[in-house]
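Notes follow the structure.
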Amino acid sequence: MPPTSQALKRRALRIEQVPELTLYLFTLKAHEILQIADISRVSRDEAGKLIGYQRPEVRSHVNEIVDYLNGPNALFPNPIILALSSAARFTSSRGPNTTDGLARGGDIEIPLPTGDRPKPAWIVDGQQRALALTQATNKGFPVPITAFIADSVSLQRDQFFRINNTKPLPRGLVTELLPEVDTRLPPRLSIKKLPSELCNLLNQNKESPFHGLIRRASSGSKASRSAVVTDTSIIKMLEESLSTGCLFVYRNLTSGEIDSDGLWTALIVYWSAVRDTFPDAWSKPPAKSRLMHGAGIQAMGRLMDRILTTIDPTAADAPAAVRTELARVAPYCHWTSGVWPELGMKWNDIQNLSRHTQQLSSFLIRTYAQSRTPRP
């Protein structure tokens, strides 16, 4: 691509770590970053497919960076990481001193956006810093940039996820992005991929009693009003059951295969029965129903582990059988009003604390077990 007035040209270093991904190191002025780069906000399209990967901006964090940049002797060593479109071009410099065996010098040329041409870059890491730089007084402040070529959103998302893996990303954003990462993940994250996928299905599938009720990082303001259960509550319940509960039997640890049909059927049968058993407490915000609260979801998940050990979810009478079992504890539940006398707490005193969750779980399981014990 020949140099034009519609392209931004900078001196750059090219580093080949792997043949598939070449890194480019160069500098941009503060005001140029958002001139060429977009922030890919995490959201979902009309079909429910996840798009983007960036969390919303944190205004207080941005303001703190702006204050620092406007102060004396501001040092900005951390690079902004960009994914460049394949329209960007690197031209090596000629001569014997343009490479040291590790990096090659040259020029990188990035086409500027026009009316019919979108921005050629996306911010993978450093969106808060980039926003702050555009608001800083010194618009010409030199900013280090690390970039790689990636037209694919999946590759951009994969790099974003790995870069931020050691940083405190919101857990909801992590769990939502996990199913979309199709490259090999670190073991700690791979274990969490199945619960994340199940959480997506429970929220998106119309057959699910949780359809549209799970609040995710990509939920818009309209969806957030109807989504009353946090995805972290669902993920935690699924992780525990898949590790030590009734859902464990659907995993083949040797082959790594999952009985997805059986797993899905078990979840739909049980949680549909929960919805039908407690209709007045279902789909309400946690402030009005502790059934939709983190403690309630996890406690009912532990009760699921007990009930489904005696019922085959694939049996024709399974839905009715689960409702019969839940009816054993229903009279003792106070999700929306009253007092849990055995716990010594009002219904809304239950908080998302491990000791409250444990107390509630123990009570439900103990009550259920006693109801099944034949009286002398």
Between residue 64 and residue 358, what length in nm is gained on full extension when 0.36 nm per residue of separation is reduced by their alpha carbon distance? 101.8 nm
Over 25 Å between alpha carbons, listed pairs 29/119; 193/284; 206/236; 119/206; 193/346: 193/284; 119/206; 193/346
Highest average packing first - 352-360, 26-34, Cβ atoms within 10 Å: 26-34, 352-360
Under 5 Å between amide H atoms, partner at least 5 residues away or on a different chain: which partners does residue 12 have, H built in plane at 1.01 Å? 106, 107, 108
Under the Karplus relation with 6.51, -1.76 and 1.60 and θ = phi - 60°, whole-Hz ³J(HN,Hα) for region 109-126, x at Gly and Pro, equal 10, 10, x, 7, x, 10, x, 10, 10, x, 4, x, 8, 10, 7, 8, 8, x
So for R0 = 56 Å, FRET eff. of residue 265-residue 119 from the Cβ-Cβ r, to 0.05, ends up at 0.80
Checked region 77-127 against the a/c 1.5 cut and the a/b vs b/c comparison, axes a ≥ b ≥ c from its Cα gyration tensor; verdict oblate
The set of residues whose placed amide H lies less than 5 Å from the amide H of residue 7, leaving out same-chain residues fewer than 5 positions away, is 112
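Bear in mind that the values in this text are calculations on the coordinates, not laboratory data. What you are looking at is a predicted structure, and each value in this text was computed from that prediction instead of being measured. As a convention, Cβ positions derive from the backbone with ideal geometry for all residues, glycine included, and neighbour counts pool all protein chains shown.
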